[in-house]
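Chemist: Okay, here's the structure, questions in a sec.
Read-outs throughout are calculated quantities, based only on the coordinates presented, and are distinct from any laboratory measurement. What you are looking at is a predicted structure, and each value in this text was computed from that prediction instead of being measured. Here the Cβ positions follow ideal geometry from the backbone for every residue, glycine too, while neighbour counts run over all protein chains shown.
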Amino acid sequence: MGLNHDYSFSAKRCLYILCILVLASFSQITLSNDSTSEITWDLDGNNKADALTDGMLLIRYTFGLRGASLTDGAIALDSPFSDLEVE
């Protein structure tokens, strides 16, 4: 008589949701130590703070990933930086 509900999420979907939540919370915070410099969440240098690239980089870095594990598939195509420059 039990009801079967599929509440399963893929790990990739959960990671995307987490990235979106992290960047959404950071986008409402302005961090600066003076009027000429401001901290940006655009980690790959493409002038956009994007959950699927910058958020992914932030989460991977937070979990201790470095090198190719950090940057593979997480840098925007229009980023002016190389993998080493992002790291």
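Chemist: Work through the residues other than ASP50 whose Cβ is under 10 Å from its Cβ and net out their charges, Lys, Arg +1 and Asp, Glu -1.
Modeler: That works out to -2.
Chemist: Then there's this: Between ASN47 and ASP83, 0.36 nm times their residue separation minus their Cα-Cα distance comes to what?
Modeler: Length difference between fully extended and current span is 11.3 nm.
Chemist: Between CYS14 and PHE63, what is the label-point separation in nm under the 7 Å Cα-to-beta-carbon projection?
Modeler: Computed distance between label sites PHE63 and CYS14 equals 1.0 nm.
Chemist: Running Debye on the range 44-87 with equal point scatterers at the Cα sites and no solvent, what base-10 log of I(q)/I(0) appears at q = 0.21, 0.27 Å⁻¹?
Modeler: Per q value, in the given order, log10 I(q)/I(0) is -0.57, -0.94.
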